[in-house]
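First comes the structure, then the notes that go with it.
The values are calculated or read from the model by the stated rules, or taken from the named source; none is laboratory data. Everything quoted here is computed from the prediction, not taken from an experiment. Cβ coordinates were reconstructed from backbone atoms using ideal geometry, including for glycine residues, and neighbour counts include every protein chain displayed. Please note that ligands, DNA and RNA were not included when accessible areas were found on the heavy atoms of the full protein model with its side chains. Shrake-Rupley method; radii C 1.70, N 1.55, O 1.52, S 1.80 Å.
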Amino acid sequence: MRGAVLHAPGDIRLEQRPDPVIAAPTDAILRLSATCVCGSDLWQYRGADAVATPSPIGHEYVGVVEAVGDDVSIIEPGQFVVGSFLASDNTCPICRSGYQSRCVHAASIGALGAQAELLRVPMADGTLVATPGLPDDDLIPSLLAASDVWGTGWFAAEAAAAGPGRTVAVVGDGAVGLLGVLAARRLGAERVIAMSRHESRQRLAAEFGATDIVVERGDEGVERIKELTDGLGAHSVIEAVGTQESMMQAIRSTRPGGHLGYVGVSHGVELPGRELFFSGIHLHGGPAPVRRFLPELIDQIWRRETNPGRVFDLELPLDEVAEGYRAMDERRAVKTLLRP
């Protein structure tokens with residue numbers, strides 16, 4: 001099969017890789033209908049995360065089941081499925097508490113490389129959720145978004161306690177931040193402030209329900225949020241970047257007693273203990289337990305109540321995966337969808 005391989009920072013190649021096979025009785029093999037480039041893939045692509053050897057890459061995926069192991073009893077060949085970016089058994093005590101991304105047997109889909117034609121998914125019964133039938137083609141981008149960025153945006157909004165009567169500020173205008181805007185509005189937030197300097201992303205944020213746009217960053221961004229909230233800060237803040245500046249901007253934009261949901265993959269973030277102590281805010285986040293939300297999110301999409309696939313503003317054949325990375329790295333695209 002063909003699959004993307006990251007050789008070094010900035011060096012992504014489509015190569016012939018061995019077809020995946022059933023390695024454990026709980027595995028499934030999928031023929032992928034769509035995959036994509038994630039903002040978190042850019043950390044490796046830019047060299048912020050070390051790449052020791054050429055490695056498969058990609059962790060967002062939807063497709064049709066081709067084969068299952070002997071112990072798979074829920075997922076069946078022929079089903080169209082959506083899976084989380086982390087495989088989980090969905091039965092361990094951590095999974096049962098709703099945190100499948102921290103399953104005691106968790107396995108990284110990224111290590112298996114979902115930017116490919118075929119994918120082996122471990123713990124298929126716990127990881128995959130079947131759609132009610134084969135989807136119309138126009139639903140595939142939104143179902144793909146549910147595999148990571150829509151589920152992550154939803155988790156961020158829930159962690160930030162977005163809801164009726166609350167003002168939500170979103171730090172980060174990538175796919176997760178934009179879908180955090182959509183999730184906050186779906187959860188009933190009265191006001192959503194999107195922090196973005198990019199006109200095309202501002203327009204999409206407005207389409208998703210943002211009521212205000214703030215272009216300032218850092219301390220200036222914090223002051224602007226406070227100006228919009230009677231000097232108090234937002235009730236709920238979503239942090240969807242993962243840098244020191246974005247995290248401190250998010251903390252300082254949250255009012256005392258407010259909630260901060262952080263889902264940006266942390267790089268070099270160090271929290272000042274004394275400031276955090278006196279902030280009086282709730283902090284919750286980490287890798288999103290997407291599997292918890294998949295049934296609900298798939299149902300929304302199937303009923304055409306939400307269209308999170310709007311974050312894909314560039315669609316390319318898998319052959320052009322390198323251009324998909326370049327476009328996102330250069331901020332010419334919010335998110336690249338790849339068709340094998």
Exercise for the section: Quick one: dipole size for the chain, taken about the Cα centre, charges +1 on Lys/Arg Cβ and -1 on Asp/Glu Cβ, in debye to the nearest 20. Expected result: 640
Practice task
Note down the nm distance, to one decimal, between modelled labels 7 Å out along Cα→Cβ at ASP212 and at LEU271.
Solution key: 2.5
Problem - ASP319, ASP89, reordered so the largest accessible area comes first (probe 1.4 Å) - result: ASP319, ASP89
Exercise for the section: Would you work out if the range 1-154 is rounded, prolate or oblate? Take a ≥ b ≥ c from the square roots of the eigenvalues of the alpha-carbon gyration tensor; rounded if a/c is under 1.5, else prolate when a/b is larger than b/c, oblate otherwise. Expected result: rounded
Handout entry: Longest exposed-site-free window of the chain, the sites being GluC sites (Glu not before Pro) in a DSSP loop that have at most 12 other C-beta atoms within 10 Å
Key = 1-269
Fill in the blank from the handout: Sorted by chain and number, the residues with a modelled amide H under 5 Å from that of LYS335, at a separation of 5 or more or across chains, are ASP313, LEU314
Problem - Amide H contacts of ILE74 (H built 1.01 Å from N, under 5 Å, at least 5 apart or other chain) - result: none
Practice task
Could you sort 40-49, 25-34 so that the peptide with the highest average Cβ count within 10 Å comes first and the rest follow in order?
Solution key: 25-34, 40-49
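Once you sort the root eigenvalues of the Cα gyration tensor of the range 237-340 as a ≥ b ≥ c, which label holds: rounded (a/c under 1.5), prolate (a/b larger than b/c) or oblate (the other case)?
The shape class here is oblate.
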Handout entry: Amide proton proximity set for SER33, modelled H, under 5 Å, gap of 5+
Key = VAL62, GLY63, VAL64
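Using a probe radius of 1.4 Å on heavy atoms only, what accessible surface per residue do you get for the range 130-254? Whole Å² is fine.
35
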Exercise for the section: Provide the per-residue ³J(HN,Hα) series for the range 193-198, in order, calculated from phi with Karplus coefficients 6.51, -1.76, 1.60 and θ = phi - 60°, each as a whole number of Hz, with x at glycine and proline positions. Expected result: 9, 9, 9, 7, 10, 10
Exercise for the section: Grab the alpha carbons of the chain, take their convex hull, and tell me the volume per residue in Å³. Expected result: 125
Fill in the blank from the handout: Loop-resident chymotrypsin sites (Phe, Trp or Tyr not before Pro) in the range 50-147 with no more than 13 other Cβ atoms inside 10 Å, DSSP not H/G/I/E/B, are none
